[in-house]
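None of the figures in this text is laboratory data; all of them are computed from the coordinates on show. Computed from a predicted structure; not experimentally measured. Here the Cβ positions follow ideal geometry from the backbone for every residue, glycine too, while neighbour counts run over all protein chains shown.
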Amino acid sequence: MTHPLAPRVAAYLQSRMPGASEVAVESMERISGGASRETYRFVARWREGAATRERRMILRRDPPASLIDTERRVEFAAYRAFFGSSVPVPEMLWLEEDCGPLDHPFFIAAEVAGFQAAPQLLFSGLYDAVLPTLARRKWTILGEIAKADPFALGLDKVMAAPVPEACWRRELDHWEAVLDRDEAEPLPITRAAIRWLRANPPPPAQKISVVHGDYRTGNFLFDEAGEIHGVLDWEMAHLGDPLEDLAWGLNPVWAFGRGLAGGLLAQAEAVAIWERASGLTADPAALHWWILFNCVKGQGIWVGSAAAFNTGGNREPIMIYPAWWLLNAQERAMLKVMGRL
Amino acid sequence: MNPEVPAVLMQLAAVVGRCAAPDVPEAERASDLAITAMLLGLAAEVWDGAAAKLVEENRALRALLGLAGADDDLRLSALKAENDRLRAGLIAAQIAAEKAGDVGRQEAIWAELVRATERRLLSVSLV
């Protein structure tokens, strides 16, 4: 059965590949998850002169309402900036911000095929022997992202660059505003955490870095040898304090109940790997601030997910699960970080 | 639970109905049914104890805040509305205790907040 979107995607590809003819989109299917973008994989086939070409591709389309409100242009630029570097990312092909072709903005990328992303699979026991290798790669790559110069990459043209002193306030203001807008019920623990964060600000950022914004186990493609082949989900990428990115993955919810950073290894080891790769230092007090901040940020995302459902903007079941699964877990994570659980 | 369980069950009914149509792509049908199954499991898990836990928490919050009252309307929507009112009051009480430097009061509030997360704990909780 042909996917209803396939003919429209084929028409779009034809418009973007003037040298191609007989463009067809086959084996199109939606990939589960993807609460911030609708994600589809497909195979594109076309003719170039006498030759038949084929390429596996990914379509990321904005949903009617999202768990995260972000600009796909920023996400597209972040992927492009790191393509071909020591940070493995898929190749971006086309960005379309006009709603005409597929009803919502989207981009199309080359598929990094044949690898896995699901934490449930990673922690099923099948990968136990390579978890230490994977952990080293995970925090080394994050260190490479932190080390990169966002100005040399040209990312300051699509992402606002704060001064080092302003990083924490900008992020906290943003996520508190999201909570103010979206929360459907009082959240005493989250509000107490925000008050503590404002009363105990961290030092200025050591440098302005690219912050992936959602770098955690589950958002990269891995293989059976513990190698990482693609860092995904850059929709929250921005410029800011590199400790913010390190701390997101240390949010206790991303331990997946295993009591280890990212479910993979002790936090001190993860931080040491990141420090070696980035050439930066992770001051413990500053890192603690950013971990608690990321618990607040997480709550903003889960509350936003519920709000997208409650307001009718997006009634897909994927919008419900993060809220049900994580709202209370995130408050327990805050209690842990604050030493109260 | 936010979103509220009745609204979620209504939506899941619509999703299952959609999945019964013959022209739904197989991968999307499988994905929708898998997440629907997980959500139904969570709804089932919270169903029996939902009213009792809200009544217990509302009593605890009234005691902490020095308020009189009782839960006469045992519909979940009414209990939840009262819970929201009391938890908003708890935030105000915690801010007041912080400003006053009343450590004992702050600790009592934190103890109740820890118990609140225990009441809401799910079998699939990551923390």
Using the Kirkwood radius over Cα pairs, work out the Stokes-Einstein diffusion coefficient for region B:17-65 at 4 °C and 1.567 mPa s, in µm²/s as a whole number.
95
Over the Cα atoms of region A:6-110, each weighted equally, I'd like the Debye log10 I(q)/I(0) at q = 0.18 Å⁻¹, rounded to two decimals.
-0.92
Chain B: D in µm²/s via Stokes-Einstein (Kirkwood Rh, Cα pairs, 4 °C, 1.567 mPa s)?
75
Just list whichever of A:K336/B:K53; A:K157/A:K336; A:K207/B:K99; A:K207/A:K297 have alpha carbons separated by over 29 Å in the model shown.
A:K157/A:K336; A:K207/B:K99
Which net charge results for the neighbourhood of B:A21, defined as the other residues with beta-carbon distances under 13 angstrom from its beta-carbon, given Lys and Arg at +1 and Asp and Glu at -1?
-2
Debye-sum result for chain A in log10 I(q)/I(0), which assumes one identical scatterer on each alpha carbon, at q = 0.07, 0.10 Å⁻¹:
-0.30, -0.61
Once you have the Kirkwood Rh of region B:50-119 from its Cα pairs, apply Stokes-Einstein at 10 °C and 1.306 mPa s and quote D in µm²/s.
128
For the ranges A:207-220, B:33-46, what's the packing order if you count other beta-carbon atoms within 10 Å of each residue, average per peptide, and put the highest first?
A:207-220, B:33-46
Hits for chain B under the membrane-span-like helix rule (DSSP H, Cα axial span at least 18 Å, Kyte-Doolittle mean at least 1.0) are B:5-19
So what is the relative contact order of chain B, in percent, for Cα pairs below 8 Å that sit 6 or more residues apart?
20
Where does helix A:267-278 land angle-wise versus the long Cα axis of chain A, in degrees 0 to 90, nearest 10?
60
Taking the Cα atoms of region A:89-194, report the difference between the largest and smallest coordinate on each principal axis, in whole Å and largest first.
42, 41, 34
Along the charge dipole of chain B, Cβ charges K/R +1 and D/E -1, which of B:L121, B:G17, B:I91 sits furthest on the positive end?
B:I91
Compute a Gaussian network model of chain A, connecting alpha carbons closer than 10 Å, and tell me which residue from A:W302, A:W196, A:W289 fluctuates the most.
A:W196
Spelling it out for A:F220: with amide H atoms placed in the peptide plane at 1.01 Å from N, the residues 5 or more places away or on another chain with amide H under 5 Å from its amide H are A:L232
Treating only the Cβ of Lys, Arg, Asp and Glu as charged (+1, +1, -1, -1), what charge dipole size does chain B show about its Cα centre? Round to the nearest 20 debye.
300
To the nearest Å, what is the center-to-center distance of region A:184-209 and region A:275-309, using C-alpha atoms only?
9
Residue-averaged beta-carbon neighbours from other chains (10 angstrom radius) around A:184-197:
5
If each DSSP helix of 4+ residues adds -39,500 (n - 2.57) and the sum is divided by the residues in chain A, what number results at 222 nm, nearest 500 deg cm²/dmol?
-12500 deg cm²/dmol
Under the definition of partner shielding as Cβ atoms of other protein chains within 10 Å of a residue Cβ, what is the mean value for peptide A:245-253?
1
Where the only charges are on Cβ atoms (+1 Lys, Arg; -1 Asp, Glu), what is the dipole of chain A about its Cα centre, to the nearest 20 debye?
300
Would you work out which of A:W302, A:N200, A:G279 lies farthest towards the positive end of the dipole of region A:119-337? Charges go on Cβ: Lys and Arg +1, Asp and Glu -1.
A:N200
Across peptide A:318-331, how many C-beta atoms of other chains are within 10 Å of each residue C-beta, on average?
6
Considering the options A:Q267, A:S86, A:T2, tell which one lies farthest towards the positive end of the dipole of chain A, charges being +1 on Lys and Arg and -1 on Asp and Glu at the Cβ, about the Cα centre.
A:Q267
